[in-house]
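Okay, so here's the structure we're looking at.
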Amino acid sequence: MAFDVFADRLLAVLPEPLRAPAAQRLAASGPVLHRLLTGLYGGRCGAAGFDAWFGGLMADLGRLHAQRSPALHALDAERAANPDWFLDQRMLGYCTYVQKFGGDLAGVARRIPYLQELGVTYLHLLPFLRPRAGENDGGFAVTSFDEVDPALGSNADLEALTAQLRGAGVSLCSDLILNHVADDHAWALAAKAGDAAARARFHVFPDRELPDRHERTLGQVFPQVAPGNFTYVDAVQGWVWTTFYPYQWDLNWSNPDVFAEMAAVMLRLANRGIEAFRLDSTAFLWKREGTNSMNQPEAHQLLQALRAIVDIVAPGVLLKAEAIVPTRELPAYLGSAEAPECHIAYHSSLMAAGWVALAEQDTEVLRAVVRNTPPLPRAATWLSYVRCHDDIGWNVLRAEAGEDSAARLSSASRFFAGVTPGSYARGAIFQSTDPNAAHGSNGMAASLTGLQTASTDEARALALRRMLLLHGVALSFGALPVLYMGDELAMLNDESYLARPEHAMDSRWLHRPVFDEARWAHRHDAGTTEGAMYEGLAQLIRVRRAHDALAAGAPRTLLADAPAGLLALMRGERLLTVFNFSDAPQQLALDGAWRDCAAIEQRADATGVQGVLTIAPYAMHWLVRA
Ligand code: OTU
């Protein structure tokens, strides 16, 4: 059937003024959507057939588009006209749990002035929708996508918060957990009650045959607390695919109903004012025997289809891929000019490589990641970060860490656990069944960089420099940098999770502390560690804002001949950033053009004598030439 017929299904439900712009966007992205969904679901729509299903989807999209508020339509128009808006170097993210930052949504709203003081324009609030009763993986087991967690507020509070944030120039990002729902979500309950259509929204196997076959090639995310990828559920008399915790049931995205319902979930949230979605666990959406069921071509097609939907009916909205995958798998999540996918993708190998560079006092792995990072496609960016609510996952660096990667990465992991003699770090090894295997590391940045063990002013100063060094890389790399709540105040590990039996076995809780009001009150007092951290970071943010060579899309060049302890990156032709990851002063010979140029960011006495720049331990130096 020609696409026009389907376009009319969408346009017919729109009020007159919305029709012309929607028709224009449909002309651009509608055929793409049709092609992708035909490929995915062409033969899977049962007796009614694909055309009927697709026509119904288009009408639903039209209704959801019509329900957007005038303010959101205005935002859509503005961003559709300026699709590069989020690549600006004035964009800055902040990520936190609602309850830990503000108690509830209204409490988060009260902290807007603080976010503005920091220069934040993008706020990622970790899951705040109604979670599973009981343990719920920090909200990543969702019971209802249409309801705010009552402990955090109401849907009205959410709408009020998104409006207030928008007024303050801050876009709210919400998780959208695509891979799984909680085992007490309505679909899971219906499946348990014997509803065949609901059961078909999951991957349920009557016996171990297929699960065993899949297990041969699958990895494990939580090998200690949730070994294996399947859970036997009595009520369904079968094995349910559960990549993460046993109570997180993977959705079956080969079922067109799952696609249509999840697309609608996304748009209903967008209509409440959510401007960006962190698409959780995107790599896992499509399962294929004989593979690790990550990064499958169909997973990308699904994301491209969601993107086409956003481009048609909510073009102000950003999609962000949380795909914790090797560097070479990452660019696909941004798609291409012909088939755009997500607007933003977490650069987790860049993040992890910064930590390896600290542990090894050598930037070899970090440079390899930089070399393996291709230029950005149009209107897309990486997400750079120092820490987040999850572990630092080491396995994404297997390729860059070379032949002996397992030994090398497990050595980094032991270093950050403070096991290695002489290590300044105080963290925890995550979910490793073997101390010599590499999995992940946990801990707040301040504890991992030595602040927790520091007993002298000198040791404290070094920890501070290491923290700022990693933030300097994140802020200057050419990405959307996202700060992790507490890092701006050099907050330390929170051991209190050990006393909570439901959290004690998941050491990611070590770095999920409650916002520290006392440190916050000292943030402008550079005589305190937290004040020095806050002011140091604020200075970096100011410098970044002032230089458009630090915007996401500006080209990046690695200076290959810098000594091993240094990372030297040019941004554009006129800006040079140099970072010393070692505990010894390092020298970099500068060619003539860089002599006598202005230092825009200078930490810990970098000196330039006769064309040789000397950079103190863990210091950084950013230069601009005329
Ligand atoms: C995501 O992360 C979330 O960020 C985690 O907090 C959740 O536990 C998980 O999904 C399940 O919803 O593999 O690509 O620390 O890196 O669990 C997605 C391990 C993921 C996380 C991993 C993860």
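The values are calculated or read from the model by the stated rules, or taken from the named source; none is laboratory data. Since we're looking at a predicted model, the values are computed, not measured. For neighbour counting, all protein chains shown are included, and Cβ atoms are generated from backbone atoms with ideal geometry for every residue, glycine included. The accessibility values were calculated without ligands, DNA or RNA, using every heavy atom of the protein model including side chains. Shrake-Rupley method; radii C 1.70, N 1.55, O 1.52, S 1.80 Å.
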When residues of region 426-460 are limited to those that are open to solvent by less than 50 Å² (accessible area, probe 1.4 Å) and without any contact (Cβ under 8 Å) to a residue 40 or more places away in the chain, the one nearest to the ligand (Cβ to nearest atom) | A437
Close pairs from region 503-520: first of a type in the set (A, V, I, L, M), partner within 16 Å of the ligand (Cβ to nearest atom), Cβ under 6 Å, at least 6 apart | M505/V225; L510/A428; L510/N442; L510/G443; V514/K100
If you scan region 173-197, which residues turn out to be under 27 Å from R272 (Cα atoms) and either modelled with pLDDT under 95 or open to solvent by less than 20 Å² (accessible area, probe 1.4 Å) (or both)?
-> C173, S174, D175, L176, I177, L178, N179, H180, V181, A182, H185, A188
Determine which member of the set A299, A332 is among the small types (G, A, S), more than 17 Å from V142 (Cβ to Cβ) and either open to solvent by 10 Å² or more (accessible area, probe 1.4 Å) or more than 16 Å from the ligand (Cβ to nearest atom) (or both).
-> A332
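Could you check region 225-267 and list, in sequence order, the residues that are within 13 Å of the ligand (Cβ to nearest atom) and not polar (S, T, N, Q)?
If we filter region 225-267 for residues that are within 13 Å of the ligand (Cβ to nearest atom), which is where we start, we get 225-226, 229, 242-251.
Selection gives V225, A226, F244, Y245, P246, Y247, W249, D250, L251.
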Any residue in region 206-213 that is touching a Gly at 6+ places or on another chain (Cβ under 6 Å), more than 30 Å from K100 (Cβ to Cβ) and either in contact (Cβ under 8 Å) with a residue 24 or more places away in the chain or open to solvent by 50 Å² or more (accessible area, probe 1.4 Å) (or both)?
-> yes
In region 396-408, anything buried (at least 20 other Cβ atoms within 10 Å of the Cβ) and under 22 Å from the mean Cα position of the chain (by Cα) is listed as V396, L397, E400
Just need a number here: residues in region 411-425 that are within 16 Å of the ligand (Cβ to nearest atom) and aromatic (F, W, Y).
-> 1
Would you mind stating whether V365 is away from the ligand (no atom under 16 Å from the Cβ), over 17 Å from the mean Cα position of the chain (by Cα) and surrounded by 22 or more Cβ atoms within 10 Å (Cβ to Cβ)?
-> yes
Within the set of pairs 6+ apart or on separate chains, which have a first residue in region 140-167 that is more than 18 Å from T96 (Cβ to Cβ), a second that is open to solvent by 30 Å² or more (accessible area, probe 1.4 Å) and at pLDDT 95 or above, and C-beta atoms under 6 Å apart?
-> A141/R132; T143/R130; T143/R132; T143/D184; S144/R130; E147/R130; E159/R272
Tally of residues being open to solvent by less than 10 Å² (accessible area, probe 1.4 Å) and of a type in the set (F, W, Y) across region 223-244 | 1
Conditions: (1) more than 21 Å from the chain's Cα centre (by Cα); (2) within 30 Å of H73 (Cβ to Cβ). R278 meets all but one. Number of the miss?
-> (1)
Among the listed residues L152, L115, L123, L158, which satisfies the condition of being under 19 Å from V265 (Cα atoms) and either of a type in the set (D, E) or in contact with a helix residue (DSSP H, G or I) (Cβ under 9 Å, 6 or more places away or on another chain) (or both)?
-> L158
Take region 505-523 and flag every residue that is of a type in the set (A, V, I, L, M), assigned to a loop (DSSP other than H, G, I, E, B) and modelled with pLDDT of 95 or more.
-> V514
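Please enumerate the residues belonging to region 524-541 that are without any contact (Cβ under 8 Å) to a residue 40 or more places away in the chain and part of a helix (DSSP H, G or I).
Initially, region 524-541 is screened for residues without any contact (Cβ under 8 Å) to a residue 40 or more places away in the chain, giving 524-528, 531, 535.
Across region 524-541, the qualifying residues are G531, E535.
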Looking for whichever is within 16 Å of the ligand (Cβ to nearest atom), under 17 Å from the mean Cα position of the chain (by Cα) and surrounded by fewer than 21 Cβ atoms within 10 Å (Cβ to Cβ) here; the options are G138, G134, G93. Which one fits?
-> G138
Which condition breaks for V482 when tested against (1) over 26 Å from V370 (Cα atoms); (2) β-branched (V, I, T); (3) at pLDDT 95 or above?
-> (1)
Mind checking which residues of region 257-283 are open to solvent by 10 Å² or more (accessible area, probe 1.4 Å), in a helix (DSSP H, G or I) and farther than 14 Å from H180 by Cα?
-> D257, A260, A264, R268, N271
Counting only residues that are in a helix (DSSP H, G or I) and either surrounded by 15 or more Cβ atoms within 10 Å (Cβ to Cβ) or on the phi > 0 side of the Ramachandran plot (or both), how many does region 32-55 have?
-> 12
Taking R288, is it more than 17 Å from the chain's Cα centre (by Cα), in a loop (DSSP other than H, G, I, E, B) and more than 15 Å from the ligand (Cβ to nearest atom)?
-> yes
